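The block underneath contains the structure these notes are about, expressed in structure tokens.
The values are calculated or read from the model by the stated rules, or taken from the named source; none is laboratory data. Quantities reported herein were computed from a predicted structural model and do not represent experimental measurements. As a convention, Cβ positions derive from the backbone with ideal geometry for all residues, glycine included, and neighbour counts pool all protein chains shown. Surface areas here come from the heavy atoms of the whole protein model, side chains and all, with no ligands, DNA or RNA. Shrake-Rupley method; radii C 1.70, N 1.55, O 1.52, S 1.80 Å.
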There are 2 protein chains.
Amino acid sequence: MRTRPTPQTLAALRERLSKVLEPGQLRDDPETLEEFAQDESDTGKFLPDLVAFPANTSQVVEVVRACGSLDVPLTPVGARSGKSGGSLCLYGGLALCLSRMARIVSIQKENGVAVVEPGVITGELMKAVEAQGLFYPPDPNSLEFCSLGGNIAENAGGPRAFKYGVTRDYVLALEWVLPSGEVLRVGHQPIKGVAGYDLVGLFVGSEGTLGVATEITLQLLPLPTVVKTALICFASVAEAAKAVGAVLQAGILPRTLELLDDVSVKAIDGRGYDFPPRAKAALIVEVDGGHEEAVFAELVRVGEVCERAGAVDTAVAQSDAQREQLWAARRVVSRALRALKKFKISEDVAVPRAEIPRVIEELKAMGAELGLTVATYGHAGDGNLHANILYDSEAERPRVEEAIARMLKLTVKAGGTITGEHGVGYAKRDYLALEQAQGVITLQRELKRLMDPSGFFNPGKILPLVP
Amino acid sequence: MRTRPTPQTLAALRERLSKVLEPGQLRDDPETLEEFAQDESDTGKFLPDLVAFPANTSQVVEVVRACGSLDVPLTPVGARSGKSGGSLCLYGGLALCLSRMARIVSIQKENGVAVVEPGVITGELMKAVEAQGLFYPPDPNSLEFCSLGGNIAENAGGPRAFKYGVTRDYVLALEWVLPSGEVLRVGHQPIKGVAGYDLVGLFVGSEGTLGVATEITLQLLPLPTVVKTALICFASVAEAAKAVGAVLQAGILPRTLELLDDVSVKAIDGRGYDFPPRAKAALIVEVDGGHEEAVFAELVRVGEVCERAGAVDTAVAQSDAQREQLWAARRVVSRALRALKKFKISEDVAVPRAEIPRVIEELKAMGAELGLTVATYGHAGDGNLHANILYDSEAERPRVEEAIARMLKLTVKAGGTITGEHGVGYAKRDYLALEQAQGVITLQRELKRLMDPSGFFNPGKILPLVP
């Protein structure tokens, strides 16, 4: 059983790190510790004992080696925008913050490649490559403040993942520091390469448990020059959910296909977007390409399919400003739902696309039965639903816990996964066995042990604790 | 040091397997052994001692367990279309042929998913899903006869990989038999999912060394309804190679961008395609989408960009028959080159896109220096070049070996990989250390040992032999 490090151990760690880090690179003032005690997962507050801010790979190695040799828990930390508690220091110890390694090393237009340090903010890379006519598609909602290192750790998705894939699909190579402190360069610089086992794939999405990226080589695409967006309203969430399938079966591959249910629509209405009276659900559909009329024609077809599926209103953005307005409706959801009740728990399930209407109905029924408000929105194109439980007082918490467990169970029963893009981390660690058989978990435990025998690297994440 | 199994061991294996397999499912007649002694890698003939044809997962498990407990080398075999010797029984033993597990289990149009057994021929799945308006993009050249199980093992690519990605990008879930005989279900049924480590990624491309797929869940896309193809000729391979970069920098993402060099053009000319006199190199460019005029407009833009880059002739297919004719030129290359000389060694390097012109020049110079004909063609869009060395007599073999080593070295020096899509297998095992540092190889060796401690599962592949 892992415990917090003793004061003696921490003193030894401080002493050792003082030789390799500048004074400002190792902090234990209360403000800093407080700042690093939480992420966006609402799963609690866990104070680290120390926060290190290495400025280069060799400093990362020194910090990793020092923690490893003293068996002090080390937790890599990005921008703390994670929703599954992956960067929480459950047993104290050292938070390894990569924010000082935030250089865009190169944007190679000819190769369609960018090389970055892990602390680069996702949205900043996007802007930098777009200025050169290139495109980095993964767009987690937190893109204005999350870091690429964190995206790698969590294999972040986002609305555009539906057409363009997730972070993993854009990572060509990594400089990676193992828990042993060994630095590996894995992957390949060309777009394609199959030499050896896919270590990049193993490290991406390992949620800071198998080591940490110190340099990231990303594939870029040509920037689509035309993007068109529509917000399509339905009289019921069931009709909206069915329209998702209809659009895809019509052979259209939008870059985003976002669903808002009745609670979400009501929460947003009047706050950033005015819905028509009959709207009880909506889809935000975005198509892109390189040809104005073609992209517009595709959006028109989406509209026709949705109308046949029962759409009651379609608003097509006629300008970038209007496009921004439609997306503002999507982006305000989380905040608007939070305003409805005092507490909000957001789950991140994904189901096979055809199961979406039924799963949403089951979630609603469950909410009604338990007397809880359930709001569902998310990336319906790939079956990834953000199901939210809203409640007002701590006294409701046992029912909320029951709701979460039932939600995850019914997701798995519908052929789904407990996490579409947020990761398991700490928040869902104890639910992993709902989805994965013991043999699968055991193999992962063995992989973890192979790379981190003492278990000091981000302890308590992903895998259920051994009893 | 692994050796061939003894007759006593083989007798014990036969005895044990006779209890779980029907008589026709276990063969050791000379014709069958001969048939399974080679693949498309030209790396030699290695007779298995036995070939097993399991019909379901539990039979696979029995065969794996039997070989494991008797320490008989077991090599999973697809359609033997591999080009790196991955399915060769280097130490004899048992070839595990999956050809009797060839059922398309389901095509779920609503979910955009297909479930298949490993023996399904890639081209047959393509046809089956296209009949339903769906699209399975990965298109290895051997698609008419290769199997999806083999594609999974090798993480197969193909011309369309440039826009659509490789096999890995379409594998959602696997039923997987580990070398221990344990059956795992890994991955997720929905399009998206990040629960736990990416075991699917670890298994795809493991070249039959970490176990074998017995069921495969694949993601499908909506079928693009419009495809346009052009063959664009250049007066030099340098100009053609530079045009590749120019097309992409113009913001166009064709689904294929194939390069033929002067030797390839000359080899094909008059055999399936008639090139204009000035053509010394060519690009085959294919664009696709859902809108006739848009796709055509994109192809026109490709033509304009190529003309500015020095194209001397552009042929646009005006019909499916003409499209087929252009592709026939591409498909005949390998055979046409083989006809030029008695022997042909095909390498499968990939380099960062901007390096293509220089690498092709260096390969030519090296060929001239060693007195060997070097022909280069391939998937230039993703930097994946099939570099062929042509020669007439076995006496030239030492120079050919030198050419291969130099080719791989100059590829790695240019930031490339020794294999873009064919895999390491047996053919490139001893070159892996050119590209990967010792630490990376050691970690892979440990992963292999974790899942196959005795090393009986496809021995001698990917990783250099320990001295």
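Values computed for the structure shown
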{"read-out": "A:Val374 being within 12 Å of chain B (Cβ to nearest Cβ), out of contact with any His (no Cβ under 7 Å at 6 or more places or on another chain), part of a strand (DSSP E or B) and closer than 20 Å to A:Ser84 by Cα", "value": "no"}
{"read-out": "Tally of residues being in contact (Cβ under 8 Å) with a residue 40 or more places away in the chain and closer than 23 Å to B:Leu88 by Cα across region B:4-24", "value": "8"}
{"read-out": "Options B:Val285, B:Val263, B:Val295: the member that is at pLDDT below 95 and under 28 Å from the mean Cα position of the chain (by Cα)", "value": "B:Val263"}
{"read-out": "Among the residues listed as A:Arg397, A:Arg406, A:Arg449, the single one being of a type in the set (Lys, Arg) and in contact with a strand residue (DSSP E or B) (Cβ under 9 Å, 6 or more places away or on another chain)", "value": "A:Arg397"}
{"read-out": "Qualifying residue in region A:269-289 (condition: within 17 Å of A:Arg353 (Cβ to Cβ), small (Gly, Ala, Ser), touching a strand residue (DSSP E or B) at 6+ places or on another chain (Cβ under 9 Å) and open to solvent by less than 30 Å² (accessible area, probe 1.4 Å))", "value": "yes"}
{"read-out": "Single match in A:Val351, A:Val295, A:Val302, A:Val359 (criterion: within 14 Å of chain B (Cβ to nearest Cβ), of a type in the set (A, V, I, L, M, F, W, C), touching a Pro at 6+ places or on another chain (Cβ under 6 Å) and buried (at least 21 other Cβ atoms within 10 Å of the Cβ))", "value": "A:Val351"}
{"read-out": "Of the criteria (1) in a helix (DSSP H, G or I); (2) open to solvent by less than 30 Å² (accessible area, probe 1.4 Å); (3) of a type in the set (Gly, Ala, Ser), which one B:Ala246 fails", "value": "(2)"}
{"read-out": "Single unsatisfied condition, A:Glu324 versus (1) touching a residue at least 60 places away in the same chain (Cβ under 8 Å); (2) more than 14 Å from every other protein chain (Cβ to nearest Cβ)", "value": "(1)"}
{"read-out": "Scope region A:407-424; condition more than 8 Å from chain B (Cβ to nearest Cβ), buried (at least 16 other Cβ atoms within 10 Å of the Cβ) and not hydroxyl-bearing (Ser, Thr, Tyr); matching residues", "value": "A:Met407, A:Leu408, A:Leu410, A:Val412, A:Ala414"}
{"read-out": "Criterion (in contact (Cβ under 8 Å) with a residue 40 or more places away in the chain and touching a Lys or Arg at 6+ places or on another chain (Cβ under 6 Å)) met by exactly one of A:Ala230, A:Ala235, A:Ala281, A:Ala241", "value": "A:Ala235"}
{"read-out": "Per-region count, region A:224-243, residues touching a helix residue (DSSP H, G or I) at 6+ places or on another chain (Cβ under 8 Å), under 20 Å from B:Lys109 (Cβ atoms) and surrounded by fewer than 23 Cβ atoms within 10 Å (Cβ to Cβ)", "value": "2"}
{"read-out": "Top-ranked residue in region B:147-163 [being touching a strand residue (DSSP E or B) at 6+ places or on another chain (Cβ under 7 Å) and away from chain A (no Cβ under 11 Å); ranked as surrounded by the most Cβ atoms within 10 Å (Cβ to Cβ)]", "value": "B:Leu148"}
{"read-out": "Subset tally (residues that are at the interface with chain A (Cβ under 9 Å from one of its Cβ atoms), touching a Phe, Trp or Tyr at 6+ places or on another chain (Cβ under 9 Å) and of a type outside the set (A, V, I, L, M, F, W, C)) for region B:425-467", "value": "2"}
{"read-out": "Subset of region B:200-223 [facing another protein chain (nearest Cβ under 8 Å) and in contact (Cβ under 8 Å) with a residue 40 or more places away in the chain]", "value": "B:Leu202, B:Val204, B:Gly205, B:Ser206, B:Leu210, B:Leu221, B:Pro222, B:Leu223"}
{"read-out": "Members of region A:430-467 that are farther than 26 Å from A:Ser69 by Cβ and open to solvent by less than 20 Å² (accessible area, probe 1.4 Å)", "value": "A:Leu432, A:Gly439, A:Val440, A:Ile441, A:Leu443"}
{"read-out": "Residue in region A:345-354 that is β-branched (Val, Ile, Thr), under 19 Å from A:Pro159 (Cβ atoms), at pLDDT 90 or above and assigned to a helix (DSSP H, G or I) present", "value": "no"}
{"read-out": "Test set (1) more than 14 Å from every other protein chain (Cβ to nearest Cβ); (2) open to solvent by less than 10 Å² (accessible area, probe 1.4 Å) - B:Ser319 fails condition number", "value": "(2)"}
{"read-out": "Scan of region A:131-140 for residues that are surrounded by fewer than 21 Cβ atoms within 10 Å (Cβ to Cβ), in contact with a helix residue (DSSP H, G or I) (Cβ under 8 Å, 6 or more places away or on another chain) and away from every other protein chain (no Cβ under 13 Å), ordered by number", "value": "A:Asp139"}
{"read-out": "Residues that are within 7 Å of another protein chain (Cβ to nearest Cβ) and among the polar types (S, T, N, Q), drawn from region A:164-173", "value": "none"}
{"read-out": "Qualifying positions in region B:174-199 - crowded, with 23+ Cβ neighbours inside 10 Å and more than 8 Å from every other protein chain (Cβ to nearest Cβ)", "value": "B:Leu174, B:Trp176, B:Val177, B:Pro179, B:Gly187"}
{"read-out": "Within region B:15-34, tally of residues that are open to solvent by 30 Å² or more (accessible area, probe 1.4 Å) and touching a strand residue (DSSP E or B) at 6+ places or on another chain (Cβ under 8 Å)", "value": "4"}
{"read-out": "A:Gly78 within 19 Å of A:Val204 (Cα to Cα), out of contact with any helix residue (DSSP H, G or I) (no Cβ under 8 Å at 6 or more places or on another chain) and more than 11 Å from chain B (Cβ to nearest Cβ)", "value": "no"}
{"read-out": "Some residue of region A:58-73 being within 14 Å of chain B (Cβ to nearest Cβ), of a type in the set (A, V, I, L, M, F, W, C) and in contact with a Phe, Trp or Tyr (Cβ under 7 Å, 6 or more places away or on another chain)", "value": "no"}
{"read-out": "Checklist (1) more than 27 Å from the chain's Cα centre (by Cα); (2) more than 14 Å from A:Cys97 (Cβ to Cβ) applied to A:Ser41, failing item", "value": "(1)"}
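Residue-wise test of (1) hydroxyl-bearing (Ser, Thr, Tyr); (2) touching a Gly at 6+ places or on another chain (Cβ under 8 Å); (3) more than 21 Å from B:Thr43 (Cα to Cα).
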residue	(1), (2), (3)
B:Gly415	no, no, yes
B:Gly423	no, yes, no
B:Ala427	no, yes, no
B:Asp430	no, no, no
B:Gln444	no, yes, yes
B:Pro453	no, no, yes
B:Ile462	no, yes, no
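Conditions (1) assigned to a strand (DSSP E or B); (2) small (Gly, Ala, Ser), marked per residue:
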{"residue": "A:Ile252", "(1), (2)": "no, no"}
{"residue": "A:Leu257", "(1), (2)": "yes, no"}
{"residue": "A:Ser264", "(1), (2)": "no, yes"}
{"residue": "A:Ala297", "(1), (2)": "no, yes"}
{"residue": "A:Val305", "(1), (2)": "no, no"}
{"residue": "A:Thr314", "(1), (2)": "yes, no"}
{"residue": "A:Arg323", "(1), (2)": "no, no"}
{"residue": "A:Ala328", "(1), (2)": "no, yes"}
